[in-house]
Amino acid sequence: MGYEVVSGGMMSDFDDASVAARLREEIARQRLSRAGLAQAARLSISTLEKALSGRRRFTLATIVRLEEALGAPLRSSVVTEPVALAPNPMHAPAEMGSYSRPAVRWIEGEYLTLRASFGEDGAVYAYRTVIVWDDAKGHLVFSESDRLDAEFEQGGFVSMPHLSGHTYLMTSEEGQYRMIMLGRATREARMFGLLSTLQVGQGSQLVPVSCPVAFVPLGQMVDQPVFGFVGESSERFDEYRRVLNMAMADDFCRLRE
């Protein structure tokens, strides 16, 4: 199987233990089953159980889904201490491009993310990416969901330097990085570029791997999007493959040996 391995890199300053405690409280108060809650929040029961037990961190996307399913907040809305990372909450740090919130509102939203499958030549792997402004940190953040390999879902910060005009989605955990570099958005607000990560190889070996990637606003999808592995037998294969091929066909990225 060809799975990427940089996980973690969660994007918010919420405390996992506090979120888990609040979630358990709501489950008990509303007399919910964990299986029913997972289904309502469009999560796997395994993801929910691991997060509650502390074996997996909460992502912002997961918390938002749980809050919507519960009809109750899981995060504190009160900031009790000054946020040192964001002296000006309307501008990102210089190392991320010093972009202002009004200037990047266009990129906020949910995207169908397409990349080449690491396990089968020609196939496409599809999942959801959410890009939002994090008020506490003062910059854009992203998170992934609806992946078959949920344990490898990524989250991190978004860099948008003016010099190159490109957008960088960075996962960082203890010095290990994964990067998605996206070119300027098209008129349809679609973005194309290159993903670079580590792939599980033979045994415990990790191998650097790169592939084209496409971001399509979910609101543009006429039909309900299909997530996961999309092979030639899938009815959405031709559509997804055509979109992903634009990354290289329209020169948004190049692969060289």
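The values are calculated or read from the model by the stated rules, or taken from the named source; none is laboratory data. As the structure is a computational prediction, the values presented were derived from the model and not from experiment. Each accessible area value is taken on the protein alone, full model and side chains, heavy atoms only, with ligands, DNA and RNA left out. Shrake-Rupley method; radii C 1.70, N 1.55, O 1.52, S 1.80 Å.
Numbers below:
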quantity: Solvent accessible area, Å² - M248, 1.4 Å probe, full protein context; calculated: 90 Å²
quantity: Mean accessible surface per residue for the chain, computed with a 1.4 Å probe while every protein chain stays in place, in Å²; calculated: 52 Å²
quantity: Chain lengthening between A35 and E257 when straightened (0.36 nm per residue, less Cα-Cα); calculated: 75.1 nm
quantity: L112, L198, L163, reordered so the largest accessible area comes first (probe 1.4 Å); calculated: L163, L198, L112
quantity: Solvent-accessible surface (1.4 angstrom probe) belonging to F252, in square angstrom, nearest 10; calculated: 60 Å²
quantity: Residue-span extension gain [F229 to L148] - 0.36 nm each, minus C-alpha spacing; calculated: 28.4 nm
quantity: Theoretical ellipticity at 222 nm over the chain - DSSP helices of four or more residues, -39500 (n - 2.57) apiece, nearest 500; calculated: -6500 deg cm²/dmol
